[in-house]
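The values are calculated or read from the model by the stated rules, or taken from the named source; none is laboratory data. Source: prediction; values computed, not measured. Glycine also receives a Cβ, built like all others from the backbone with ideal geometry; neighbour counts cover every protein chain displayed.
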Amino acid sequence: MEDVLISIKPKYVKKIMENSKKYEFRKQIFKKSVEKIYIYSTSPVMKIIGYFKFGTVLTGNPKEIWKKLHNVVGIEEKEFFEYFKDKNIAFAIEINDFVKLDAPIDPKKINANFRPPQSFYYINKDSELGKILKKE
């Protein structure tokens, strides 16, 4: 099983922490089996703030996904459809068992060349970051 790192805007991270955002939307989905999804909160936070366990994934066209989930997604309809503009498929990842890290991790302090993922990337468990996250 793999762990992944995803980038999420701070306003949505806050909603995940408040448990008002129960799904994370993506334009593409993982090809490997995933256990944990670590959250990198984008600027101005720029830290890994926690993780959640990989839940079910709903796949469908954006209209279907919005119809099913609009009341538990923590995102406005306009933003949702803007994100999926020109896309025929939307992926909704269920957020299970969110865990906030006691001390958020600044990945740039571990690797000066760190680049946040545009969508996601698999965490190399043998990397410095992978070893640190494994302890969490």
Going residue by residue through segment 55-63, is there one that turns out to be at pLDDT below 95 and either assigned to a strand (DSSP E or B) or in contact with a His (Cβ under 7 Å, 6 or more places away or on another chain) (or both)?
yes
What residue, of Glu35, Glu64, is within 19 Å of Lys134 (Cβ to Cβ), of a type in the set (Asp, Glu) and either surrounded by 15 or more Cβ atoms within 10 Å (Cβ to Cβ) or out of contact with any helix residue (DSSP H, G or I) (no Cβ under 9 Å at 6 or more places or on another chain) (or both)?
Glu35
Tell me, please, whether a residue that is loosely packed, with under 14 Cβ neighbours inside 10 Å, within 24 Å of Lys131 (Cα to Cα) and in contact (Cβ under 8 Å) with a residue 24 or more places away in the chain can be found in segment 1-8.
yes
Search segment 67-78 for residues being at pLDDT below 95 and within 20 Å of Ser119 (Cβ to Cβ), and hand back the single one that is surrounded by the most Cβ atoms within 10 Å (Cβ to Cβ).
Val73
Please count how many residues of segment 64-77 are free of Cβ contacts under 8 Å to residues at least 40 places away in the same chain and either of a type in the set (Ser, Thr, Tyr) or assigned to a loop (DSSP other than H, G, I, E, B) (or both).
1
Could you check Asn113 against (1) surrounded by fewer than 12 Cβ atoms within 10 Å (Cβ to Cβ); (2) under 30 Å from Glu77 (Cβ atoms); (3) of a type in the set (S, T, N, Q) and say which number it fails?
(2)
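Residue by residue, here is whether (1) of a type in the set (Val, Ile, Thr); (2) within 18 Å of Lys9 (Cβ to Cβ); (3) in contact (Cβ under 8 Å) with a residue 24 or more places away in the chain; (4) out of contact with any Ser or Thr (no Cβ under 6 Å at 6 or more places or on another chain) holds:
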site: Leu58; (1), (2), (3), (4): no, no, yes, yes
site: Glu79; (1), (2), (3), (4): no, yes, no, yes
site: Lys87; (1), (2), (3), (4): no, no, yes, yes
site: Val99; (1), (2), (3), (4): yes, no, yes, yes
site: Lys109; (1), (2), (3), (4): no, no, no, yes
site: Arg115; (1), (2), (3), (4): no, yes, no, yes
site: Phe120; (1), (2), (3), (4): no, yes, yes, yes
